[in-house]
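Visitor: Below is a structure I'd like to ask you about.
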């Protein structure tokens, strides 16, 4: 793993579990409906969850939230 990947992996571990999971599943290329099934939410909730997860990840890493 590169330094950036290590840093991201460490930051993902610091997130609440559900946000870490949705980001990891998205990074693995799973479609939103599958992510929804895996985390037990409606498919419409995945997009907003990803936005929140990215913001939380940015905060953990000390970066500006994507926007």
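Visitor: Limited to the stretch 12-45, what total is found for residues that are over 10 Å from the mean Cα position of the chain (by Cα) and either assigned to a helix (DSSP H, G or I) or modelled with pLDDT under 95 (or both)?
Guide: 13
Visitor: Right, next: Would you please name the residue that is surrounded by the most Cβ atoms within 10 Å (Cβ to Cβ), looking only at residues in the stretch 36-54 that are under 14 Å from residue 17 (Cβ atoms) and in contact (Cβ under 8 Å) with a residue 12 or more places away in the chain?
Guide: Looking at the filtered set, the residue picked out is 53.
Visitor: Condition check: surrounded by fewer than 15 Cβ atoms within 10 Å (Cβ to Cβ), touching a residue at least 12 places away in the same chain (Cβ under 8 Å), touching a helix residue (DSSP H, G or I) at 6+ places or on another chain (Cβ under 9 Å) and closer than 19 Å to residue 59 by Cα. Does residue 7 satisfy that?
Guide: yes
The values are calculated or read from the model by the stated rules, or taken from the named source; none is laboratory data. The structure displayed is predicted, hence computed values, not measured ones. Here the Cβ is made from the backbone with ideal geometry for all residues, glycine too, and neighbour counts use every protein chain on show.
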